[in-house]
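Participant: This is the structure I want to talk about, given as structure tokens.
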Amino acid sequence: MEKNFLNFKAEDIDRPIFRFLTVERLFQIFKTHSNVLVSPKLWDDPFENHIMTSFIQQKMEDEKDICVGFRDNFYGQCWTQTRESDAMWRIYSPKYNGARITTTPRKLLQSLFMDTGNDINDYSCFLGKVNYYTTTKLREHLDKNALHWLIEPSGQGLTQSLLFKRIPFKHENEVRLLINTKFKTERGESLYPYRFNPLDIIDDVVFDPRINYEEFQNYKTELRKLHFKKRIVKSKLYDMPKFIIKTQF
């Protein structure tokens, strides 16, 4: 499984990663014991899909039909190595209805490996860090690697085509859980749910710092009823620090 961590340093595989999500989605995970990956076509930055597909078409003019759908079998989910920031809460919890869950790259990828449970995991399941480029550097990166990604046999190549973004998104510090279902079955749907035990995989839950305290307590009680015994807290990001200024006269 180690080779299925892409763009990672060895020491980062067991360090925390985080996902910001709505409270509704949080409880869905705990109640259904499932995690849901989505088609890249639904991601917020359509530039990613457009530039890669367009670039491959330029390189392989005679095989456009083959290239157009080369990502259609992929599903993914976005995590981050950033523990917390004002931007993260405002982007992913605009109505103060968000939470942050924590796990490690190893636990997360292992959950996908365990669900698929077959001999082709090494070719289909990956966890990768996103690299960030200027538009100029991105074109150079694609020029150097795109055709190799298409023909590379281990599955890592096509997966790498989903691990780049432009510099304006660098604050996301993103990590992506990815599966290529071409090695399994043709799906065609927009979502890919798989079995996921949050009691084992999730290490803590942190709620939006702006949430009402009574509401936080209700959510915490509900999670305890769902047998989650690990850390549950309300973020202190906006708590005012106490300063003691000593003066002498």
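The values are calculated or read from the model by the stated rules, or taken from the named source; none is laboratory data. Treat the numbers as computed from the prediction; the structure is a model and nothing was measured. For neighbour counting, all protein chains shown are included, and Cβ atoms are generated from backbone atoms with ideal geometry for every residue, glycine included.
Participant: Filter segment 98-154 down to residues that are among the small types (Gly, Ala, Ser) and under 16 Å from residue 76 (Cα atoms) and give me whichever is modelled with the lowest pLDDT. I'd like the intermediate steps shown before the answer.
Facilitator: Taking segment 98-154 and keeping what is among the small types (Gly, Ala, Ser), we get 98-99, 111, 117, 124, 128, 146, 154.
Imposing the further condition that a residue be under 16 Å from residue 76 (Cα atoms) reduces the set to 111, 124, 128.
Working: 111: 96, 124: 90, 128: 98.
Result: 124.
Participant: Kindly list the number of the only condition in (1) within 30 Å of residue 157 (Cβ to Cβ); (2) of a type outside the set (Phe, Trp, Tyr); (3) modelled with pLDDT of 75 or more that fails for residue 68.
Facilitator: (3)
Residue by residue, here is whether (1) closer than 23 Å to residue 72 by Cβ; (2) surrounded by 14 or more Cβ atoms within 10 Å (Cβ to Cβ); (3) modelled with pLDDT of 95 or more; (4) not aromatic (Phe, Trp, Tyr) holds:
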{"residue": "163", "(1), (2), (3), (4)": "yes, yes, no, yes"}
{"residue": "171", "(1), (2), (3), (4)": "no, yes, no, yes"}
{"residue": "176", "(1), (2), (3), (4)": "yes, yes, yes, yes"}
{"residue": "185", "(1), (2), (3), (4)": "yes, no, no, yes"}
{"residue": "196", "(1), (2), (3), (4)": "no, yes, yes, no"}
{"residue": "210", "(1), (2), (3), (4)": "no, yes, yes, yes"}
{"residue": "231", "(1), (2), (3), (4)": "no, no, yes, yes"}
{"residue": "235", "(1), (2), (3), (4)": "no, yes, yes, yes"}
{"residue": "244", "(1), (2), (3), (4)": "no, no, no, yes"}
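Participant: Let me ask another. Let me confirm something: among 104, 135, which residue is crowded, with 16+ Cβ neighbours inside 10 Å and not acidic (Asp, Glu)? Full working, then the answer.
Facilitator: Details: 135 fails: crowded, with 16+ Cβ neighbours inside 10 Å.
The unique qualifying residue is 104.
Participant: Looking at segment 82-103, I want the residues that are farther than 23 Å from residue 13 by Cα and have a partner that is part of a loop (DSSP other than H, G, I, E, B) and basic (Lys, Arg) with Cβ atoms under 9 Å, at least 6 apart or on another chain. Which pairs are those?
Facilitator: Every condition considered, the pairs that remain are 89/210; 93/210; 96/210.
Participant: With (1) part of a strand (DSSP E or B); (2) over 17 Å from residue 126 (Cα atoms); (3) touching a Lys or Arg at 6+ places or on another chain (Cβ under 8 Å) as the list, and residue 233 as the residue in question, which single condition is left unmet?
Facilitator: Unmet for residue 233, out of (1) part of a strand (DSSP E or B); (2) over 17 Å from residue 126 (Cα atoms); (3) touching a Lys or Arg at 6+ places or on another chain (Cβ under 8 Å): (3).
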